[in-house]
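Working notes for the structure below.
The values are calculated or read from the model by the stated rules, or taken from the named source; none is laboratory data. Note that the coordinates shown come from a computational prediction; the quantities given were computed from them, not determined experimentally. Counting neighbours? That spans all protein chains shown, and the Cβs are built from the backbone with ideal geometry, glycine included. Heads up: the accessible areas ignore ligands, DNA and RNA and are worked out on the full protein's heavy atoms, side chains in. Shrake-Rupley method; radii C 1.70, N 1.55, O 1.52, S 1.80 Å.
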Amino acid sequence: MATPVYCEPYSQPLPSGYWISLSHGITQQNYNPVKDKIKVISGKSLPSGIHLQSHRKYEEFEGIRTDIVIELVDEHINISEPFGRLAKVIEQSKFFLDLEPGWDEENALTIDPEVWKTAIKFLIHYSIDIFKNIDRLIEEPEISPCKDGTIDLSWRTSRSRMLINFRKSEDGIRAYYYGDFYNNKQPIKGWVNTNTVDIYLSMWMRNLAV
Amino acid sequence: MWPKEPIPDEDHVYRHCHYTDVIKEKRLRFPNEAHFKPYSDGLSVNWDKKISLKQVFILLGLTHKPNQNVDFKDYKQFQVFKFPIKLLRGIPGIESVEHDPVFLGNPSPKGKPNNPAHTLVKYPDDEEIRMTLSDYSRENSTETYCPFDVNSLNAEIEELRLRLPDVPYNKDWIM
């Protein structure tokens, strides 16, 4: 492998757990340090649709392009164009954080920023994981604020549906989910911690792909 | 003042839904799953035998916002949906649909009207139940959605607010 050439803004190793999509055709020769934001390691081009999970794997390839920055309260995540529509849906949900107590004219609580951030990161990580595995995007969910201060993600595709609610528990924020192929056919139900991608849930969520 | 009565399966309950929880899709209107998050005592609804659609909106208009003694709820921010009791009782996980009339005095305090129709649907905070309720509303939108011209109530609600608590809604509901 060629000696890595580090370029801004990724002159430092990426934090573990960040998912970044690779773009096709970026090489050391055509790299644009302003536009492309890549770390060049070799002169080879990349096949499209390859996605990386960690800095270690990231170093195995020669280029990265991140086009979209999603601000998440006190941090940000970079994603690339295939997830542009997802980014738009996420952006539209940011007003939840401005909702005041009683926003439903009744007893609704404010939305906990930590819960919102966790729900959005979960959505991004699972979307990328699924895209990485099957090369297809899942549909963008409806993101809704709940009156108890929690967040819902819901999907309805032509063949399946799923609802995930993010709420605090004694050991952190959990994702409680229910999904099926309508009429309770082959249902899936339970909860997962939100600090990792759960393989079983991610595999089921492939059914939400377009 | 009002005894609890058994609610027959054949009846319906009204559920008022804030606009933030209403989805509009292909001219259909239905509440999303978030709307069906239950409070600790359940989901408040109104038994249609004891209240009319118009009165549901008036009741909202005569009720103060939570923890406030001045501002009334904006009844124009709500839409109302109607659910068959039989359906609710048939959903696995829904524990009960019980008449729970509210009587706070004669008259009751300003902003806190009595409600002989109040009913509680009790169920746990469960994604499957919430999805079932939302999907029923979606698939049966023409039956569940209760269109109503709320602006036709403006003058009446304004007049009632000026008379509070000396109105039937804060007393015995004998109109």
Check whether at least one residue in segment B:110-122 is in contact with an Asp or Glu (Cβ under 9 Å, 6 or more places away or on another chain), crowded, with 18+ Cβ neighbours inside 10 Å and of a type in the set (Lys, Arg), and report yes or no. no
Tell me, please, whether a residue that is modelled with pLDDT of 95 or more, in a helix (DSSP H, G or I), more than 14 Å from chain A (Cβ to nearest Cβ) and within 30 Å of A:SER169 (Cα to Cα) can be found in segment B:85-100. yes
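Return yes or no: is A:GLU114 acidic (Asp, Glu), farther than 30 Å from B:LYS76 by Cα and more than 14 Å from chain B (Cβ to nearest Cβ)?
On the way: acidic (Asp, Glu): yes; farther than 30 Å from B:LYS76 by Cα: yes; more than 14 Å from chain B (Cβ to nearest Cβ): yes.
Against the criterion (acidic (Asp, Glu), farther than 30 Å from B:LYS76 by Cα and more than 14 Å from chain B (Cβ to nearest Cβ)), A:GLU114 qualifies.
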Here is a list of conditions, (1) out of contact with any strand residue (DSSP E or B) (no Cβ under 7 Å at 6 or more places or on another chain); (2) in contact (Cβ under 8 Å) with a residue 40 or more places away in the chain; (3) in a strand (DSSP E or B), and B:LYS49 meets all of them except one; can you say which number that is? (3)
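Of the residues that sit in segment A:139-150 and are of a type outside the set (Val, Ile, Thr) and within 8 Å of another protein chain (Cβ to nearest Cβ), which one is nearest to B:LYS24 (Cα to Cα)?
At the first step, the residues of segment A:139-150 found to be of a type outside the set (Val, Ile, Thr) are A:139-142, A:144-149.
From what is left, the residues that are within 8 Å of another protein chain (Cβ to nearest Cβ) are A:142, A:144-148.
Working: A:GLU142: 12, A:SER144: 14, A:PRO145: 17, A:CYS146: 18, A:LYS147: 20, A:ASP148: 23 Å.
Only one residue tops the list, namely A:GLU142.
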Matching residues, segment A:175-194, being away from every other protein chain (no Cβ under 12 Å) and in contact with a strand residue (DSSP E or B) (Cβ under 7 Å, 6 or more places away or on another chain): A:GLN186, A:VAL192, A:ASN193, A:THR194
Scan segment B:132-175 for residues that are touching a helix residue (DSSP H, G or I) at 6+ places or on another chain (Cβ under 7 Å), outside any helix (DSSP H, G or I) and farther than 19 Å from B:ARG27 by Cα and report the count. 4
Within segment A:105-127, which residues are touching a Pro at 6+ places or on another chain (Cβ under 9 Å) and assigned to a loop (DSSP other than H, G, I, E, B)? A:GLU105, A:GLU106, A:ASN107, A:ALA108, A:LEU109, A:THR110, A:ILE111
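Please work out which residue is farthest from the other protein chains (Cβ to nearest Cβ), limiting yourself to segment A:128-138 and to residues that are in contact with a Phe, Trp or Tyr (Cβ under 9 Å, 6 or more places away or on another chain) and outside any strand (DSSP E or B). Don't jump to the end; show me each part of the working.
Residues of segment A:128-138 in contact with a Phe, Trp or Tyr (Cβ under 9 Å, 6 or more places away or on another chain): A:128-129, A:131-132, A:137-138.
Next, only the ones that are outside any strand (DSSP E or B) stay: A:128-129, A:131-132, A:137.
Numbers: A:ILE128: 23, A:ASP129: 21, A:PHE131: 24, A:LYS132: 26, A:LEU137: 21 Å.
Residue satisfying both the conditions and the ranking: A:LYS132.
Being β-branched (Val, Ile, Thr) and open to solvent by 10 Å² or more (accessible area, probe 1.4 Å) is the filter; apply it to segment A:151-173 and report the residue that is farthest from the other protein chains (Cβ to nearest Cβ).
Residues of segment A:151-173 β-branched (Val, Ile, Thr): A:151, A:157, A:164, A:173.
Those still in the list that are open to solvent by 10 Å² or more (accessible area, probe 1.4 Å) too: A:157, A:173.
Details: A:THR157: 13, A:ILE173: 15 Å.
Only one residue fits best here, namely A:ILE173.
Looking only at segment B:118-131, which residues are outside any helix (DSSP H, G or I) and touching a helix residue (DSSP H, G or I) at 6+ places or on another chain (Cβ under 8 Å)? It would help to see each step written out before you state the result.
To start, the set of residues in segment B:118-131 that are outside any helix (DSSP H, G or I) comprises B:118-126.
B:VAL121, B:TYR123 - these are the residues of segment B:118-131 that are outside any helix (DSSP H, G or I) and touching a helix residue (DSSP H, G or I) at 6+ places or on another chain (Cβ under 8 Å).
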Scan segment A:130-146 for residues that are open to solvent by less than 50 Å² (accessible area, probe 1.4 Å), out of contact with any Lys or Arg (no Cβ under 8 Å at 6 or more places or on another chain) and under 13 Å from A:LEU208 (Cα atoms) and report the count. 2
Matching option when the condition is surrounded by fewer than 16 Cβ atoms within 10 Å (Cβ to Cβ), at pLDDT below 95 and of a type in the set (Asp, Glu), among B:GLU139, B:GLU158: B:GLU139
With the structure loaded, tell me whether B:PHE57 is in contact with a Pro (Cβ under 9 Å, 6 or more places away or on another chain), modelled with pLDDT of 95 or more, surrounded by 20 or more Cβ atoms within 10 Å (Cβ to Cβ) and aromatic (Phe, Trp, Tyr) or whether it fails that test. no
Just one of (1) part of a loop (DSSP other than H, G, I, E, B); (2) away from every other protein chain (no Cβ under 13 Å); (3) out of contact with any strand residue (DSSP E or B) (no Cβ under 7 Å at 6 or more places or on another chain) trips up B:GLU5, so point out which. (3)
Looking at (1) touching a helix residue (DSSP H, G or I) at 6+ places or on another chain (Cβ under 9 Å); (2) open to solvent by 60 Å² or more (accessible area, probe 1.4 Å), which one does B:GLN68 not meet, given that it meets all the others? (1)
